[in-house]
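Okay, so here's the structure we're looking at.
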Amino acid sequence: MAGVKRRWQSVISVALLGLAAAGGCGTAVKKDFSGIPAGQVGFDDMCGVQGYFDAIEVKQGTPPAMVDGADIERISESSTSRGGRARFAFETEFQLTAVRRVLIENWKRLPEGLPTARRIEINVNWSERAGLHRVASNSNPELVVDGVATPLPYHVCLSELLFGEPLYRQRRDLLGLVPQSTAHSLALAPGSDAGAPADAAAPAPVPAPTPAP
């Protein structure tokens with residue numbers, strides 16, 4: 001009997017180790033903003049999406065299409081809440097560059113096919129807060145690359161990317177920012193000179209010396 005018990009304990013131990021290893025290989029958060037108020041994340045543009053929404057504002061790019069979705073309204077004695085699900089498809093070079101950067105900067109152990117995928121989908125549950133849609137923090141978003149769905153741990157930058165357009169329009173107005181009129185790389189990290197004005201991107205040319213007579 002003791003031998004059977006030991007074998008059973010060994011089997012359970014191996015199974016638990018396998019589960020732990022499998023969990024360790026899953027997608028995980030790289031930058032943890034959970035201790036920072038969501039309003040501060042947006043105001044400080046910690047997700048680096050102001051340039052993305054500026055480009056959309058000046059018609060240099062388009063947001064991803066919502067290819068599937070449903071709205072749900074819940075009514076209780078004290079309040080009415082709205083929410084739903086939405087599936088977004090990133091397909092243009094502009095869209096793919098933006099979503100890859102946000103994903104790579106904020107999550108780790110992402111699907112290997114992400115850098116070369118020609119279509120990236122993100123499936124989320126959302127809730128409405130103060131008239132704005134936000135990814136539900138208690139949900140499990142899905143990243144779909146090459147037709148394979150991967151669970152994506154919640155991160156505030158997902159809300160900023162998918163639903164942040166009105167917030168970043170307001171931020172632009174509050175700070176007196178002017179949308180860039182020239183294309184710039186959305187692949188560069190926040191804090192780089194990607195958003196610098198075109199006339200400040202390089203020093204003015206120095207005139208060549210005049211030959212002596």
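In the neighborhood of GLU105, defined by Cβ-to-Cβ distances under 13 Å, what is the net charge if each Lys or Arg adds +1 and each Asp or Glu adds -1? Don't jump to the answer; show the numbers that get you there.
Numbers: positive: LYS30, LYS31, ARG100, ARG101, LYS108; negative: ASP32, ASP45, GLU160.
Overall, the nearby charge balance is +2.
Compared with the alpha-carbon gap, the fully stretched path from GLU91 to ASP68 is longer by 6.8 nm at 0.36 nm per residue.
Note on GLU142 and LYS31: the extension gain reaches 38.1 nm, defined as 0.36 nm multiplied by sequence separation minus the Cα-Cα distance. For segment 36-187, report the % of Cα-Cα distances exceeding 26 Å. The calculated P(r) of segment 36-187 puts 26 percent of pairs beyond 26 Å. The ranking of ARG100, ARG172 by Cβ neighbour count inside 10 Å, starting from the fewest, reads ARG172, ARG100. Ordering SER137, SER159 from the fewest to the most neighbouring beta carbons within 10 Å gives SER137, SER159. Arranged from fewest to most other beta-carbon atoms within 10 Å of their beta carbon, ILE120, ILE56 become ILE56, ILE120.
How much net charge surrounds GLU165 when only the other residues with a Cβ under 12 Å from the Cβ of GLU165 are counted, with Lys and Arg +1 and Asp and Glu -1? Intermediate values should be presented prior to the final figure.
Values: positive: ARG169, ARG171, ARG172; negative: ASP54, GLU57, GLU160.
Overall, the nearby charge balance is 0.
Here the relative contact order of segment 36-187, from alpha carbon pairs under 8 Å that lie six or more residues apart, stands at 25 percent.
Any read-out appearing in this document is the output of simple, stated calculations on the displayed coordinates, not a laboratory observation. All values derive from a computational prediction rather than experimental measurement. Methodologically, a virtual Cβ is constructed for each residue, glycine included, from the backbone with ideal geometry; neighbour enumeration extends over all protein chains shown.
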